[in-house]
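Participant: Could you have a look at this structure, given as structure tokens, before my questions?
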Amino acid sequence: MSSSSTQTAVCTVCFEPKRLAEFPGTRLSTSCTHEPSTCLECLTLYINSRISETAAGLMRCPECEEQLDFETIHLLARRDLFDQFQRQSIDDLISKVPRFVWCPLGCGTGQVHPSGADQPLVFCLRCNRHFCFRHRTIWHTNYTCDEYDAFLADPQNFRSRAQMQSAVDADRDAAERRYRQQLAEAEARFTQSLLREEEAAEARRIAEEQRRLEERRQAEERARREEEEKRAREALELQARLRNEEQQTRNVFRRLTKPCPGCRVPIEKNQGCCGTDFSWNGAHW
């Protein structure tokens, strides 16, 4: 009877007869229910190619599709490919942390964004740029996330609120330019039609008065716009100040009070609010 070192088996991948020593000595994973029938050479090629071509989480037994043990991969993978597999595995674990996001701008770092899609603007500390948590792209300036979705759905016909307001402003400015041009042309025609100096002087006076009236109208319009912008800024500043004052009040309240051990109501006196006498570190509170 031949010794075990001379016994052979056929590899189910390369179909070559090989010595039993050229096959794995144990099952490839704790989930496998079969003895390995793939030789070490084919298994090594399989593992290295899978690491190079696929994600780390898809490393499975070539015979039964069960997940390969980490030790099997460590034993057979090429060193540089195993390091790649290990990094991929760690990245996969990190990616499963709630509200974790990788920077989509190419710097290779990630972070936990606690507010998630509720406040989608994310600042990357590595590349010092902003990106969108919801869309995983550089921040869409002048577009809300809903507007950006609409833009992606119909980029040729989409216009944001900022763009529509800009178009309104452009139309208004164009109308003002046309009015001034018409006013200048009318002034020129009227002046040229006057035959006498006093009629020309009167025409110039009228034109000057019209010009002053127009400048006054434009000044009033600019003042109105500036006042509206000022009120809007003041409203925003007031909201920010109220939020800050509210937070300061809460901080003072937390610092100066403690919950009553009897009823949990915040107090700052020696007796609990429910009438029970309690002590804290040997002193009444």
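Participant: Evaluate region 175-182: report whether one residue or more is among the small types (Gly, Ala, Ser), more than 51 Å from the chain's Cα centre (by Cα) and either on the phi < 0 side of the Ramachandran plot or assigned to a helix (DSSP H, G or I) (or both).
Facilitator: No, region 175-182 contains no residue that is among the small types (Gly, Ala, Ser), more than 51 Å from the chain's Cα centre (by Cα) and either on the phi < 0 side of the Ramachandran plot or assigned to a helix (DSSP H, G or I) (or both).
Participant: I would also like to ask the following. Starting from region 204-231, take each residue that is in contact (Cβ under 8 Å) with a residue 60 or more places away in the chain and list its partners that are assigned to a helix (DSSP H, G or I), counting only C-beta distances under 8 angstrom and pairs at least six apart or across chains.
Facilitator: none
Participant: Considering Leu45, Leu68, Leu81, which residue is modelled with pLDDT of 85 or more, in contact with a Ser or Thr (Cβ under 6 Å, 6 or more places away or on another chain) and either surrounded by fewer than 16 Cβ atoms within 10 Å (Cβ to Cβ) or among the hydrophobic types (A, V, I, L, M, F, W, C) (or both)?
Facilitator: Leu68 is the lone residue from the list that is modelled with pLDDT of 85 or more, in contact with a Ser or Thr (Cβ under 6 Å, 6 or more places away or on another chain) and either surrounded by fewer than 16 Cβ atoms within 10 Å (Cβ to Cβ) or among the hydrophobic types (A, V, I, L, M, F, W, C) (or both).
Participant: Is it the case that some residue within region 194-206 is in contact with a Pro (Cβ under 9 Å, 6 or more places away or on another chain), outside any helix (DSSP H, G or I) and not charged (D, E, K, R)? Step through it out loud before you land on a result.
Facilitator: First, pick out the residues of region 194-206 that are in contact with a Pro (Cβ under 9 Å, 6 or more places away or on another chain): none.
The answer is no; no qualifying residue exists.
Participant: Let me ask something else. Report every pair of residues separated by at least 6 positions or lying on different chains whose Cβ atoms are under 9 Å apart, first residue within region 168-183 and under 17 Å from Ala207 (Cβ atoms), second of a type in the set (Asp, Glu) and in a helix (DSSP H, G or I).
Facilitator: Pairs that qualify, where the first residue is under 17 Å from Ala207 (Cβ atoms) and the partner is of a type in the set (Asp, Glu) and in a helix (DSSP H, G or I), are Tyr179/Glu214; Arg180/Glu214; Leu183/Glu214.
Participant: Would you check if there is a residue in region 140-148 being part of a loop (DSSP other than H, G, I, E, B), touching a Cys at 6+ places or on another chain (Cβ under 9 Å) and not acidic (Asp, Glu)? Give the steps one after another, and end with the answer.
Facilitator: Initially, region 140-148 is screened for residues part of a loop (DSSP other than H, G, I, E, B), giving 140-144.
From the residues that got through so far, the ones that are touching a Cys at 6+ places or on another chain (Cβ under 9 Å) too are 140.
Applying the additional criterion that residues be not acidic (Asp, Glu) yields 140.
Within region 140-148, one or more residues are part of a loop (DSSP other than H, G, I, E, B), touching a Cys at 6+ places or on another chain (Cβ under 9 Å) and not acidic (Asp, Glu).
The values are calculated or read from the model by the stated rules, or taken from the named source; none is laboratory data. This one's a predicted model, so the numbers in the text were calculated from it and none came from an experiment. All Cβ positions, glycine included, derive from the backbone under ideal geometry; neighbour counts span all protein chains shown.
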